[in-house]
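> The structure follows.
The values are calculated or read from the model by the stated rules, or taken from the named source; none is laboratory data. Small disclaimer: the values here were computed from a predicted structure and weren't measured. Glycine gets a Cβ as well: all are built from the backbone with ideal geometry, and neighbour counts include every protein chain shown. What goes into the accessible areas is simple: the full protein's heavy atoms, side chains included, and nothing from ligands, DNA or RNA. Shrake-Rupley method; radii C 1.70, N 1.55, O 1.52, S 1.80 Å.
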Amino acid sequence: LKVLARELGQLPAWTRLHYVYPYPNVDDLVPLMAEGLILPYLDMPLQHASERILKLMKRPAATAKVRERIARWREICPELTLRSTFIVGFPGETEDDFDQLLEFIQEVQLDRVGAFAYSPVEGAAANALPGQVPEEVKQDRLLRFMEIQAEISRNKLATQVGDRMLVLVDEVNEHNLVARGPGDAPEVDGQVIVDGAWEDVGPGDFIEVLVTGYDEHDLFAEPV
């Protein structure tokens, strides 16, 4: 994977890593991000922070090691953007388990986070687990989770105001264009809305912009 990532870094394109579990081999990729060979971006499906729930999910239960790795990666590559997805209301999840999840996201301050309430899937082993969580409790936990993460996301975006940024153009409109920065994966992350009428710029082009504002999900910018 390291060799592949290094070679992809020679191309005039963005290489972005998705669905990467925080295993030790990822430690070898973060220096490539610091060198600018691949985008400083990792999408990790962490699912939860309670090790008891992770074991029920049959997922790696090593939350303390995940914390340590994230801290180390950020030391190597401070501009690293981290995305993950979590499940609330998994069968057997107690309020204490959920509190551990909230504590985790507040501590590690992930940049991009998605979450959804657990729902039974036909044939899934989890359907037979005891302690099924009532739907109203699932939705309440999902709301509380997303309220906390929304504030984290806003604060993260606010730190980028005043920065110059290279963006990739997705769409050109009459009065603005829609682009993405290095920390914005297509379809799942935010966008960079750039004011102005543009000539000789089209989807797939790279341009440099100055970040001037933000909302809960997107950045606003003007041409440099």
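> Please go through (1) open to solvent by less than 40 Å² (accessible area, probe 1.4 Å); (2) closer than 15 Å to Val224 by Cα; (3) modelled with pLDDT of 90 or more for Asp184 and return the number of the only condition it doesn't satisfy.
With (1) open to solvent by less than 40 Å² (accessible area, probe 1.4 Å); (2) closer than 15 Å to Val224 by Cα; (3) modelled with pLDDT of 90 or more applied to Asp184, the lone miss is (2).
> Against the conditions (1) assigned to a helix (DSSP H, G or I); (2) touching a strand residue (DSSP E or B) at 6+ places or on another chain (Cβ under 7 Å); (3) not charged (D, E, K, R), where does Leu42 fall short? Just the number, please.
For Leu42, the exception is condition (1).
> Among Pro78, Pro91, Pro60, which is without any contact (Cβ under 8 Å) to a residue 12 or more places away in the chain and not in a helix (DSSP H, G or I)?
Answer to the selection: Pro78.
> Let me ask something else. Out of Arg67, Arg83, I need the residue that is assigned to a strand (DSSP E or B), within 29 Å of Asn25 (Cβ to Cβ) and among the basic types (Lys, Arg). Which one?
Exactly one of Arg67, Arg83 is assigned to a strand (DSSP E or B), within 29 Å of Asn25 (Cβ to Cβ) and among the basic types (Lys, Arg), namely Arg83.
> Please specify each residue of region 116-151 satisfying the condition of being buried (at least 18 other Cβ atoms within 10 Å of the Cβ) and hydrophobic (A, V, I, L, M, F, W, C).
Passing the criteria: Ala117, Val133, Leu142, Phe145.
> Counting only residues that are over 14 Å from the mean Cα position of the chain (by Cα) and among the hydrophobic types (A, V, I, L, M, F, W, C), which one in region 102-116 is modelled with the lowest pLDDT?
Looking at the filtered set, the residue picked out is Phe116.
> Which condition breaks for Ala150 when tested against (1) more than 25 Å from Leu56 (Cα to Cα); (2) touching a Pro at 6+ places or on another chain (Cβ under 6 Å); (3) of a type in the set (Gly, Ala, Ser)?
All conditions are met except number (2).
> With respect to the numbered conditions (1) part of a loop (DSSP other than H, G, I, E, B); (2) open to solvent by 60 Å² or more (accessible area, probe 1.4 Å); (3) within 18 Å of Ile105 (Cα to Cα), which one is the sole condition not fulfilled by Pro22?
Among (1) part of a loop (DSSP other than H, G, I, E, B); (2) open to solvent by 60 Å² or more (accessible area, probe 1.4 Å); (3) within 18 Å of Ile105 (Cα to Cα), Pro22 violates only (2).
Here is a yes/no grid of residues against (1) modelled with pLDDT of 95 or more; (2) surrounded by fewer than 20 Cβ atoms within 10 Å (Cβ to Cβ); (3) of a type in the set (Asp, Glu); (4) under 20 Å from Leu17 (Cα atoms):
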residue: Lys58; (1), (2), (3), (4): no, yes, no, no
residue: Ala61; (1), (2), (3), (4): no, yes, no, no
residue: Ala64; (1), (2), (3), (4): no, yes, no, no
residue: Arg69; (1), (2), (3), (4): no, yes, no, yes
residue: Glu75; (1), (2), (3), (4): yes, yes, yes, yes
residue: Leu82; (1), (2), (3), (4): yes, no, no, yes
residue: Val88; (1), (2), (3), (4): yes, no, no, no
residue: Gly92; (1), (2), (3), (4): no, yes, no, no
residue: Glu95; (1), (2), (3), (4): yes, yes, yes, no
